[in-house]
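So the structure is just underneath, and the comments pick up after that.
The values are calculated or read from the model by the stated rules, or taken from the named source; none is laboratory data. Here the structure is a predicted model, which means the values were calculated and not measured. All Cβ positions, even for glycine, are placed from backbone atoms using ideal geometry, and neighbour counts span all protein chains on display. SASA here: full protein model, heavy atoms, side chains in, ligands and nucleic acids out. Shrake-Rupley method; radii C 1.70, N 1.55, O 1.52, S 1.80 Å.
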Amino acid sequence: MRWEQFTTNEIAALDRAIPVVLNVAAIEQHGPHLPLETDARIGDHFLSRLEDRLGQRVLILPQVKVCCSEHHMDFAGTLSIRHETFLAYVGEILESVARHGFRNIVLFNSHGGNQAIGQVLLETFGAKHRDCRIAMLTWWRLAAPELSAIRESGFAGINHACEFETSLMLLAAPDSVRRELVSGMSYVETYDWANADMILPARGALFRSMKDMSGGTGVVGDPSSASAAKGERITAAVVDQLAHVIETLARAT
Ligand SMILES: [Zn+2]
């Protein structure tokens, strides 16, 4: 169910225990082969599949497409807001949801740059609304064990515009992938304690711009082994876990 497609009377009649999901995404460069909307498209793809599975047991808010992408601003087309703006804007959307009485809220993140501020929002909103349950899920962490079994690239192969994101776009928006521009591995190493990929996090955090990490290509990882079939396996793994979270949150009221 999509929040904005209901009338006010229909929203008023819904069970307040139904989990409400908000996707926070990005509009930012994804190398030469993927469009700026990649993270937003992937987030909506997962939620559409979730909606197909759960029907009236989940309520999906209008997506927040433009979020925190400062580390991509060396590349044309990237749009970014400050962390403070995210906290205020996304926080006020969730405040509205809580004021209408919904008690189970899931922030569903499809962009790395939103993880830290999303956690801050989780902690501030959760502390203020003790009558609500708020969870934050970032898709590649939510299904990390299952995704480890799907990956073919080695360490650092899944990061950005990579094996996984390209596979998901080949599935969700195949006409938008510039296939002739898909490259091989692109990752500029740094200190041993700070090298990272999506599901093999580093021991310590080091600030790096995407221009630095990608060596100027905009791609961090290895999209060469991407396929729509792999995108389907990734989707199944993520949506299974997402549905599990939604179902357990709904039951716990
Ligand atoms: Zn992305």
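Just a few scattered comments:
- Filtered residue count, segment 13-34, keeping only those that are touching a Phe, Trp or Tyr at 6+ places or on another chain (Cβ under 6 Å) and open to solvent by 60 Å² or more (accessible area, probe 1.4 Å): 0
- Matching option when the condition is surrounded by 15 or more Cβ atoms within 10 Å (Cβ to Cβ) and charged (D, E, K, R), among Glu92, Glu37, Glu10: Glu37
- Of all the residues in segment 44-66, those that are open to solvent by less than 20 Å² (accessible area, probe 1.4 Å) and over 18 Å from Gln5 (Cβ atoms) number 1.
- The residues on offer are Ser80, Ser69, and the sole one that is open to solvent by 10 Å² or more (accessible area, probe 1.4 Å), more than 19 Å from Ala172 (Cα to Cα) and within 16 Å of the ligand (Cβ to nearest atom) is Ser80.
- Leu122 vs. criteria within 19 Å of the chain's Cα centre (by Cα), aliphatic (A, V, I, L, M) and crowded, with 21+ Cβ neighbours inside 10 Å: no
- All told, Ala116 meets the bar of being of a type in the set (A, V, I, L, M), under 30 Å from Arg99 (Cβ atoms) and open to solvent by 70 Å² or more (accessible area, probe 1.4 Å).
- Contact annotation: residue pairs with Cβ atoms under 9 Å, 6 or more positions apart or on different chains, pairing a residue in segment 160-181 that is away from the ligand (no atom under 15 Å from the Cβ) with a partner that is open to solvent by 30 Å² or more (accessible area, probe 1.4 Å), are Pro174/Ala228; Arg178/Pro32; Leu181/Pro32.
- When residues of segment 1-58 are limited to those that are away from the ligand (no atom under 16 Å from the Cβ), of a type in the set (Ser, Thr, Tyr) and in a helix (DSSP H, G or I), the one farthest from the chain's Cα centre (by Cα): Thr8
- For the condition out of contact with any Pro (no Cβ under 9 Å at 6 or more places or on another chain), among the aliphatic types (A, V, I, L, M) and more than 15 Å from the ligand (Cβ to nearest atom), Leu147 does not qualify.
- Pairing each residue of segment 41-52 that is within 9 Å of Ala172 (Cα to Cα) with any residue that is of a type outside the set (A, V, I, L, M, F, W, C) and modelled with pLDDT of 95 or more, provided the two are 6+ apart or on different chains, yields C-beta distances under 8 Å for Arg41/Pro35; Arg41/Ser176; Ile42/Ser110; Ile42/Glu165; His45/Thr235.
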